[in-house]
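Everything on this sheet refers to the single structure shown next.
The values are calculated or read from the model by the stated rules, or taken from the named source; none is laboratory data. The structure presented is a predicted model; accordingly, all values stated were derived computationally and were not measured. Virtual Cβ from ideal backbone geometry, glycine too; neighbours counted across all protein chains shown.
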Amino acid sequence: MGCMNPLRYAVIGNPIAHSLSPLIHEMFSRQTGIALAYERLKAPLSDDGTLFREKVMQFFAEGGKGLNVTAPFKSFALSFSACAAENAFQAGAANTLTPLSGGWRADNTDGIGFIRDLYRQWGRSAEKARILIFGAGGAVAGILGELLAQKPTEICLCNRTEDKALALKRRFPDSGEKITILSLPQLLLREPFDLIVNGIGVRAIDQGGIPWQIPAVSDNTFFYDMVYSSAETPFVAWARTQGMRHACDGLGMLIEQAAESFRIWHGVLPETAELHMSTFIELLRAPTNKEK
């Protein structure tokens with residue numbers, strides 16, 4: 001009996017050569033014994049996203065079983081979907097697509113990945129925490145719902161454009177008074193934050209300079225950068241120059257959100273402890289693997 005062709009999956013974006021998703025899903029495949037082929041797929045850019053949609057439909061028509069989505073297509077992945085999970089709808093973006101008849105289902109696993117990494121790798125919980133988030137774009141929208149579900153004491157959004165932060169808050173009408181919009185000068189007037197999250201991408205920082213200001217903190221305040229890099233990210237480097245001891249980047253989040261995508265497609269949640277070990281992390285951080 002001949003061997004069956006492995007199930008076909010991919011990550012789609014533009015640019016895409018830097019994506020670490022194939023390495024991660026190959027590890028999940030070996031761990032679970034689920035044979036799969038996972039590739040990088042570059043979609044053409046267009047203002048209305050139609051070229052992206054055509055590329056996705058072609059992939060699924062040729063037998064593709066699932067897609068992860070990265071920049072700049074996450075909002076299009078949702079808008080063109082036949083149906084969407086609540087986490088994708090609230091985030092306004094999707095990073096996981098599963099084929100349906102004539103279309104696809106959209107999910108967003110970023111929030112789950114963030115919460116799991118925060119707790120499993122760093123021993124931190126958002127429950128009853130005072131949280132400050134820099135940024136109000138798609139990355140922040142992707143984690144806000146899961147953070148609110150953990151019942152924090154408060155989530156403060158600090159963004160260069162206040163209107164954008166207010167618009168994001170309005171997408172979570174059930175949050176009540178949990179979400180507060182703050183300007184940089186107001187940060188020192190708050191009680192110390194337990195968790196400070198950066199959701200501002202490297203390109204935005206390059207264009208506008210350092211967008212952060214040290215808020216009220218304690219010795220135990222944890223700094224979490226959703227961006228990951230082969231080297232220390234600007235946010236983590238900045239936190240350390242301010243004397244902050246507890247800081248990490250988003251590589252662990254990438255692993256955990258990939259595990260949740262794997263569960264959606266295969267019904268099995270892979271163990272991630274092996275992927276967080278230093279040998280695999282060093283492989284992911286190799287200089288040839290560029291920033292997200």
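Assorted remarks:
- Across region 93-102, the qualifying residues are those that are buried (at least 17 other Cβ atoms within 10 Å of the Cβ) and not β-branched (Val, Ile, Thr), and the one among them that is farthest from Phe73 (Cα to Cα) is Pro99.
- Of all residues in region 102-116 being over 11 Å from the mean Cα position of the chain (by Cα) and among the charged types (D, E, K, R), the one that is farthest from Leu254 (Cα to Cα): Arg105
- Of all residues in region 149-189, those that are touching a strand residue (DSSP E or B) at 6+ places or on another chain (Cβ under 7 Å) and charged (D, E, K, R) total 4.
- Listed by position, the helices (runs of 4 or more DSSP H) enclosed by region 1-111 that each have at least 1 residues that are within 30 Å of Ala286 (Cβ to Cβ) and of a type in the set (Val, Ile, Thr) are 21-32, 50-61.
- Count of region 149-206 residues which are touching a residue at least 60 places away in the same chain (Cβ under 8 Å), of a type in the set (A, V, I, L, M, F, W, C) and closer than 20 Å to Trp122 by Cβ: 4
- Candidate set from region 217-235 (those that are at pLDDT below 95 and of a type in the set (A, V, I, L, M, F, W, C)); member that is surrounded by the most Cβ atoms within 10 Å (Cβ to Cβ): Phe235
- Residue in region 67-76 that is touching a Gly at 6+ places or on another chain (Cβ under 9 Å) and either of a type in the set (Ser, Thr, Tyr) or assigned by TED's automatic domain parsing to the domain that holds Arg171 (or both) present: yes
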